[in-house]
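Where a number appears in this text, it was derived from the coordinates with a stated rule and is not lab data. Treat the numbers as computed from the prediction; the structure is a model and nothing was measured. Neighbour counts are summed over all protein chains in view; Cβ atoms, including those assigned to glycine, are modelled from backbone coordinates with ideal geometry.
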Amino acid sequence: MNNCNTNYFVGANTVEEIKARYRRLAMDLHPDRGGDAEAMKVLNREYHEALRKCHGTTSEKTTGGEGEHTYYYNQAVEQAVIDKLDEILGLRLPNIRVMLVGTWIWIDGETKPVKGSLKSHGLRWHNKRGKWYWHAGSYRHRHSVGDFSELAIKYGYREFESEKRKKLEA
């Protein structure tokens with residue numbers, strides 16, 4: 001295994017650890033959440049550098065899948081996902097759940113009242129799964145027969161909730 005460290009990512013040796021740490025730090029350092037814009041730029045730069053160092057590394061699937069997974073770094077896709085997540089979370093839409101599954105963004109919850117906003121931000125409706133989704137580029141693949149939980153296990157899963165939804169569930 002390669003050592004994939006930079007200053008913010010010291011001790012994060014796998015792609016999964018790097019991404020998890022980035023998400024945690026981004027919530028603290030993002031200017032929209034009271035953080036510093038320069039610190040966020042440094043975090044983004046180090047995040048991409050850490051992932052670049054992990055290009056081609058193989059790790060065991062830790063999310064319940066079998067076998068190994070080889071990570072291939074693509075800065076354009078990684079940055080597009082970060083930007084789109086930032087855009088969606090910045091909308092502060094009430095009573096929705098934003099989920100990152102691999103490099104796909106999925107949204108569910110009370111989406112009917114905000115349907116127009118989701119459409120205008122480039123999300124599409126997935127009728128079979130009953131969720132809104134977004135993916136960078138024009139990804140084409142055979143339709144997955146697995147349900148959403150199987151996708152989450154296969155590609156990794158991270159959830160973000162709207163502020164109002166968090167308060168209601170507390």
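Between Trp125 and Arg45, what is 0.36 nm times their sequence separation minus the Cα-Cα distance? Round to one decimal in nm. If you can, show how the numbers build up before the last one.
On the way: separation 80, 0.36 × 80 = 28.80 nm, distance 3.26 nm.
The span from Trp125 to Arg45 would gain 25.5 nm if fully extended.
Give me the net charge for the shell around Leu43: Cβ to Cβ below 12 angstrom, other residues only, Lys and Arg +1, Asp and Glu -1. Could you put the intermediate results ahead of the total?
Numbers: positive: Arg21, Arg23, Arg24, Lys41, Arg45; negative: Asp28, Asp36, Glu38, Glu46, Glu49.
Residues close to Leu43 contribute a combined charge of 0.
Rounded to the nearest 0.05, the FRET efficiency derived from the C-beta distance between Val10 and Leu91 at R0 = 22 Å is 0.10.
Ordering Phe160, Phe9 from the fewest to the most neighbouring beta carbons within 10 Å gives Phe160, Phe9.
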